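In what follows, a structure is listed as structure tokens, so that the remarks can point back to it.
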Amino acid sequence: MTDVEKITQLKEMIANSSNIVFFGGAGVSTESGIPDFRSVDGLYHQKYAYPPETILSHTFYRRKTKEFYDFYREKMLCLDAQPNAAHLALAKLEAEGKLKAIVTQNIDGLHQAAGNKLVYELHGSVLRNYCEDCGRFYDVKHIVESEDVPKCECGGCVKPDVVLYEEGLDNATLQGAVSAIAEADVLIIGGTSLAVYPAAGLIDYYRGNKLVLINKTPTPKDSIANLVISGSIGEILSQCC
């Protein structure tokens, strides 16, 4: 099947569905200039005193909190990034009543910035931060403007509302994502290598026969997909929506 034929097939799936769920990963945000982790230019291939996976772990956060925030401010906060063609296409689908939910591994808030309302953020958001002592929430500006370890007015440490390595996913978010995927007519997976668990395992809850995979490189689930399209997620979705 040619790329043109695949795009036509995806258009037909979208046109005939009113219960689409999109499951997205880092590849959705890289087109907005946000670096991913595993590509050649990703964070895992850059040189730091500690590997990024170590720095972004719960243990490192507890033991070397200042070093965690030094890295976090420099590499995890891409606050000038804007929604790209993929984000805008998905927001359009939701406005048309076709897209019911987004399940994302990204923590940048760009889906909401584009206009999507129901977004299950599996790994949290850099835009939300909370005091570990009193629970008060702070916006990202508080993190940016703080020196060293950001503190609450009560004196407690303010932690980003993101899921670090060694931490579990939020149960309510997980349940909502599973329910949306299980009930979907069309499940479109885009911009993810499907290598991060437990998030990647959520697609196993899909019960339909319109599983679409859009990614620049092959994934472990290509063999079970009904449609596999290789290329830019933004370019492909903008042609179909």
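The values are calculated or read from the model by the stated rules, or taken from the named source; none is laboratory data. In this text, all values refer to a predicted model and were calculated from it rather than measured experimentally. Reconstructed Cβ throughout: ideal geometry from the backbone, glycine too, with neighbour counts over all protein chains shown. Just the protein is used for accessible areas: all its heavy atoms, side chains included, with ligands, DNA and RNA removed. Shrake-Rupley method; radii C 1.70, N 1.55, O 1.52, S 1.80 Å.
What a 1.4 Å probe finds exposed on the chain is 50% carbon and sulfur by accessible area, rounded to a whole percent. Protein-only accessible surface at a 1.4 angstrom probe places the residues Leu93, Leu77 in the order Leu77, Leu93, largest first. Which whole-number percent gives the relative contact order of the chain, counting Cα pairs below 8 Å spaced six or more residues apart? Across the chain, relative contact order equals 26 percent. In the structure displayed, which of Lys6/Lys100; Lys92/Lys141; Lys66/Lys216 lie more than 25 Å apart, Cα to Cα? With Cα atoms farther than 25 Å apart: Lys92/Lys141; Lys66/Lys216. Solvent exposure of the range 87-208, expressed per residue, is 45 Å² of accessible area, with all protein chains present and a 1.4 angstrom probe.
Projecting the alpha carbon convex hull of the chain along each direction and taking the average yields 12.9 nm².
Put simply, when 219-227, 207-215 are sorted by average Cβ atoms within 10 angstrom per residue, most first, you get 207-215, 219-227. The listed peptides 138-145, 177-184, ordered by packing as a protection proxy, come out as 177-184, 138-145 (highest mean of other Cβ atoms within 10 Å first). Which residues does a label at Asp80 reach in the range 1-35, if reach means a backbone N under 19 Å from a point 7 Å past the Cα toward the Cβ? What the label zone holds, given the 19 Å backbone N cut-off, is 29-35. Within straight-line reach of Lys11, meaning a Cα separation under 17 Å, sit the following aspartates and glutamates at least 8 residues removed in sequence or on another chain: Asp3, Glu94, Glu96, Asp185, Glu235. Between Glu235 and Asp204, residue separation times 0.36 nm minus the direct Cα-Cα distance comes to 8.5 nm.
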